[in-house]
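What follows is a short report on a single structure.
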Amino acid sequence: MNMRLDEDLLKSAELGVAGCRVYSWTEPWITLGKFQSPEKDLMPGSDVPWVLRPTGGKAVLHGHDITVGFAMPLAGSSRSLRAVYRAMADPLICALRECGLPAALGENTRFSGRGPRVADCFAYLSANDIVDERTGQKVCGCALKVTRTAALVQASIPAGRPLVDPATVIVGGKALVGPPWDSERFAQALQKALA
């Protein structure tokens with residue numbers, strides 16, 4: 001249902017209407033990036049349910065995170081992936097900073113490109129990742145889909161301990177414990193940043 005609702009945001013953005021959802025999960029779920037497969041990227045025998053995202057990126061374990069779906073029309077905007085991603089990541093970074101976390105794009109820190117290339121979104125840092133600028137810890141995993149007229153970003157912000165050990169469900173999974181978050185405060189900060 002969450003993936004369908006995020007895709008609906010993208011469809012609305014293709015019609016010229018931007019939209020954003022901030023939500024959570026009632027139990028552990030895994031979203032796989034559009035180009036991933038459960039046979040290759042999930043641990044055999046895992047009973048955690050999974051779903052494919054409409055966006056790319058790597059596997060994300062949900063249930064202990066704040067999740068964001070954000071879509072915007074691209075009329076008059078650059079369609080380069082880099083420019084679109086940065087335009088959409090900026091409000092997330094602003095909202096995280098408003099909530100007290102010194103977030104920055106990895107490329108603006110000394111921490112990008114660290115860790116093995118594995119199936120788990122939170123086990124590798126790239127230049128595009130949103131990290132704590134003090135420690136380099138990834139604080140927000142983002143994935144993007146760009147169509148001819150609109151873009152969708154899906155983001156996950158760990159908020160507490162994972163409900164299951166990521167290493168038992170995702171190939172190369174890494175347990176990342178995020179700081180506790182007030183999802184309503186974050187949603188308000190994101191709304192302010194998007195305005």
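The values are calculated or read from the model by the stated rules, or taken from the named source; none is laboratory data. Everything numeric here is computed off the predicted structure, so don't read it as measured data. Please note that ligands, DNA and RNA were not included when accessible areas were found on the heavy atoms of the full protein model with its side chains. Shrake-Rupley method; radii C 1.70, N 1.55, O 1.52, S 1.80 Å.
Key figures
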| read-out | value |
| --- | --- |
| Shape box of region 44-125 [Cα atoms, principal axes, largest first, Å] | 47, 31, 26 |
| Nonlocal amide H pairs with residue 163, under 5 Å, H built at 1.01 Å | 64 |
| Value in Å of the Kirkwood radius, where region 123-195 supplies the Cα pairs that are averaged | 14.3 |
| Residue of 127, 143, 155 that the Gaussian network model of the chain assigns the largest fluctuation, springs spanning Cα pairs under 10 Å | 127 |
| Beta bridges per DSSP with both ends in the chain, % antiparallel, nearest 5 | 90 |
| Average accessible area per residue (Å²) across the chain - probe 1.4 Å, nucleic acids and ligands excluded | 48 |
| Per-residue HN-Hα couplings for region 43-48 [Karplus 6.51, -1.76, 1.60; θ = phi - 60°; Hz; x = Gly/Pro] | 6, x, x, 5, 9, 6 |
| Partners for residue 138 among lysines (Cα-Cα distance below 22 Å; same-chain residues under 8 apart left out) | 34, 58, 174 |
| Choice from 178, 69, 16 with maximal GNM fluctuation in the chain (Cα, 10 Å cutoff) | 16 |
| The chain - convex hull of alpha carbons, volume per residue in Å³ | 107 |
| At 1.002 mPa s and 20 °C, Stokes diffusion of region 21-86 via Kirkwood alpha-carbon radius, µm² per second | 156 |
| Rg [Å, one decimal], Dmax [Å, integer] - region 84-159, C-alpha atoms | 12.2, 37 |
| Region 1-95 - percent of accessible surface contributed by carbon and sulfur, probe 1.4 Å | 58 |
